[in-house]
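What follows is a set of notes on a single structure, which appears directly below.
The values are calculated or read from the model by the stated rules, or taken from the named source; none is laboratory data. Since we're looking at a predicted model, the values are computed, not measured. Quick reminder, even Gly has a Cβ in these numbers, built from the backbone with ideal geometry, and neighbours come from all protein chains shown.
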Amino acid sequence: MAAVRSSPNAKRPEFDTATKIPSDRLMNLALPPREAALQTLADVLDSTVPTLFTMICSLAGVDDAATLCFSLYSRPDVVSKFAFITIHVLFYFVFTEAHSNSCKRGEGGEEYVPYIDTCQLNIEAGIATLPFFVPATTENMQSLLLGALYGITASKPRLAQYLATKAAQVCHPWAYHPPSVVAPTQTSAIHQLLYWSIYTVEKCLCLKLGPASGMHEYNITLEPHFQFDGFGAPAPLALSASWIHLAMLEGRIYTKLFSPEACRCPSPEMSRRAESLASLCQDLRLGWMAGRGDSYSDIRNAETSHQVHNFVKGDEMHLFIALTLVSQFSASSADFGGQFSHTSLEEARRALSIHVECSPLMHLGRYSATAYVNWNLLLLPFAPFFVLACHACASKSSYDLQDLYAFIESLQTADISSDDLTFFIELCWSFYNAALASIAESESS
């Protein structure tokens, strides 16, 4: 955790591309070409299979993306600064998915790059004009949530955390109904969806970057689920509940195992905390299987956008990363060199196998590769690799070396270049070479 957080960009301002302009002049900025933007949007909306764009719209509660995006060109005078951000984030995902699909067909997709650059500039210019005080309206929370999703996808986690934290502070009244209120106002379905979507994003960002989340379960009176129809049909509520419970676990992992207070705890106390979290992990694993049910099975078996496949597998990846983070602190097994438990090793290996399944996504253009790496490898500390590398050092076993090498090689050949990924690869090489040297020394003696 400490090594990952010490990356060159861990505390770097990520707003250097924002155009500084007065808020009333946002509409003077260059927009994506009208014909190209609306035609690409129409192509995505006409798709007969689930796409990443439709999933993003579902998570943010955007019901009529076509009308909203069209308003940017037909009635720009009535587009608020929050709607301006929302529309450009939607176009950003439309163009990046179109670029990825074009790369999959072997066409390159370079015609979309200027449009994507325009969207990025306008998103950040819009964010730079946001007021300090933000009313808790549906439009405003959609804008902050989508801005956070953009920030993660575009390698700007600090920007994403700022927006997610702001959204969490503002939308708190939607989830809290004081016990003294005899008949509290019922939270609307759209507010419940937005609240929990913000919650899941904010929790995982806090685990990556710290400090602890400000969204405390003891202040929440909402039922932990929301309606999600991003797969083309309404999914069981248990599906969204499984996402929320994973986010709850991620929040507790930070406070119990990685917060400054936790780092001062003696080893026996850390083991006790890990054992307590391990029981939650077991409950989560059982609920995870029940929550997915036919929804994920249908998606795996159906023809879908490869970006949707990325979402489904990445979701599973996050589960095993979280389980590995917990189990590495649990009681170790003497059968494995006294370093990590059998459970921890198996969960780490499962995470690496999921990465192998997803690795083709890193060769479908730089935007697809960047999204995959940022969401699945850099958003949470990728403990599985380091657990297996440390186990190889301690046990002098070469059992996992080939998989560790293949993992690093897949990152080096990906269609992406960033300072954070370069640092992560160098860190992985350091652990791999240490394991290799330890095994070689053991064999020679």
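Observations on the structure shown:
- Residue list for region 95-132, restricted to those being hydrophobic (A, V, I, L, M, F, W, C) and touching a Cys at 6+ places or on another chain (Cβ under 8 Å): Phe95
- Considering (1) surrounded by fewer than 24 Cβ atoms within 10 Å (Cβ to Cβ); (2) in contact (Cβ under 8 Å) with a residue 60 or more places away in the chain; (3) in contact with a helix residue (DSSP H, G or I) (Cβ under 8 Å, 6 or more places away or on another chain), the lone condition that Ala175 does not fulfil carries the number (2).
- Of the listed requirements (1) surrounded by fewer than 16 Cβ atoms within 10 Å (Cβ to Cβ); (2) within 31 Å of the chain's Cα centre (by Cα), Ser442 misses just one: (2).
- Filter result (farther than 18 Å from Leu249 by Cβ and in a loop (DSSP other than H, G, I, E, B)) within region 194-221: Thr221
- Number of positions in region 124-162 that are more than 14 Å from Leu90 (Cα to Cα), in contact (Cβ under 8 Å) with a residue 40 or more places away in the chain and under 17 Å from the mean Cα position of the chain (by Cα): 8
- Residue list for region 222-241, restricted to those being surrounded by fewer than 22 Cβ atoms within 10 Å (Cβ to Cβ) and part of a helix (DSSP H, G or I): Leu237, Ala238, Ala241
- Test result for Phe82, surrounded by 18 or more Cβ atoms within 10 Å (Cβ to Cβ), closer than 16 Å to Ser143 by Cα and in contact (Cβ under 8 Å) with a residue 60 or more places away in the chain: yes
- Residue count for region 386-403, restricted to those that are touching a residue at least 40 places away in the same chain (Cβ under 8 Å), closer than 17 Å to Ala351 by Cβ and of a type in the set (A, V, I, L, M): 4
- Residues of region 417-426 classified as buried (at least 19 other Cβ atoms within 10 Å of the Cβ) and either at pLDDT 95 or above or aliphatic (A, V, I, L, M) (or both), total: 1
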